[in-house]
Amino acid sequence: METIAQHQEQLQYAEVYISDMLALKNLFLQEQNVSKENSDFGIPFLLTKKKNKILSFASLVISEKGEIAFKIYAQKEITESEKRNFYAKAENYFKRNTTPNFRNPKQLESSIKSMMSWLDF
């Protein structure tokens with residue numbers, strides 16, 4: 001019996017930079033099926049890439065309870081296994097980070113408002 005080797009591209013994990021924002025905004029709009037970003041976009045902090053194409057990102061948001069949480073936004077082509085791995089990476093990053101946006105809900109809320117204003121250029 002012959003075995004066919006399949007080469008699967010490895011996901012790359014990276015922190016979010018300002019240069020990523022337009023691609024993240026477009027992914028968010030497509031994923032949410034909306035024409036304009038909203039506060040659910042949050043503050044992106046971690047992303048995944050395959051061959052320089054952004055497939056998903058994690059974003060800090062304020063939960064319905066007023067607490068800091070994060071959401072994952074992903075393109076349809078990312079597998080469930082890749083989503084789970086990314087969620088675990090984002091969760092670990094989220095727990096380790098001690099900067100104000102990760103620990104102070106009022107600071108995060110202010111940062112999200114600033115981000116929305118900036119993205120609305």
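Entry comment: accessible area of segment 12-119 is 60 Å² per residue, from protein heavy atoms only and a probe of 1.4 Å. Can you say what percent of the DSSP beta bridges in the chain, counting only those with both residues inside, are antiparallel? Round to 5. Taking every DSSP beta bridge with both residues in the chain, the antiparallel ones total about 100 percent. Where a ≥ b ≥ c are the square roots of the eigenvalues of the C-alpha gyration tensor, would you call the chain rounded, which needs a/c under 1.5, or, failing that, prolate if a/b is larger than b/c, or oblate? The shape class here is prolate.
For a straight C-alpha distance cut-off of 17 angstrom, the aspartates and glutamates reachable from Lys49 (same-chain residues fewer than eight places away being disregarded) are Glu9, Glu15, Asp20, Glu31, Glu77, Glu80, Glu82. For Leu55, the residues 5 or more places off, or on other chains, whose built amide H falls under 5 Å of its own are Thr48, Lys49, Lys50. Phi angles of segment 22-39 translate, via the Karplus equation with coefficients 6.51, -1.76, 1.60 and θ = phi - 60°, into HN-Hα couplings of 5, 5, 5, 4, 5, 4, 4, 4, 5, 5, 8, 6, 10, 9, 9, 5, 9, 5 Hz per residue; Gly and Pro are given as x. Here is the list for segment 16-121: trypsin sites (Lys or Arg not before Pro) lying in DSSP coil, each with at most 15 other C-beta atoms within 10 angstrom of its C-beta, are Lys36, Lys51, Lys65, Lys76. Within a straight-line Cα-Cα reach of under 26 Å, Lys65 can be paired with the following lysines, leaving aside sequence neighbours fewer than 8 residues apart in one chain: Lys25, Lys36, Lys83, Lys89, Lys95, Lys106, Lys113.
With all protein chains in place and a 1.4 Å probe, the accessible surface of segment 12-119 carries 48 percent carbon and sulfur. Principal-axis analysis of the Cα atoms of the chain puts helix 80-96 at an angle of about 40° to the longest axis.
The values are calculated or read from the model by the stated rules, or taken from the named source; none is laboratory data. Since we're looking at a predicted model, the values are computed, not measured. As a convention, Cβ positions derive from the backbone with ideal geometry for all residues, glycine included, and neighbour counts pool all protein chains shown. Each accessible area value is taken on the protein alone, full model and side chains, heavy atoms only, with ligands, DNA and RNA left out. Shrake-Rupley method; radii C 1.70, N 1.55, O 1.52, S 1.80 Å.
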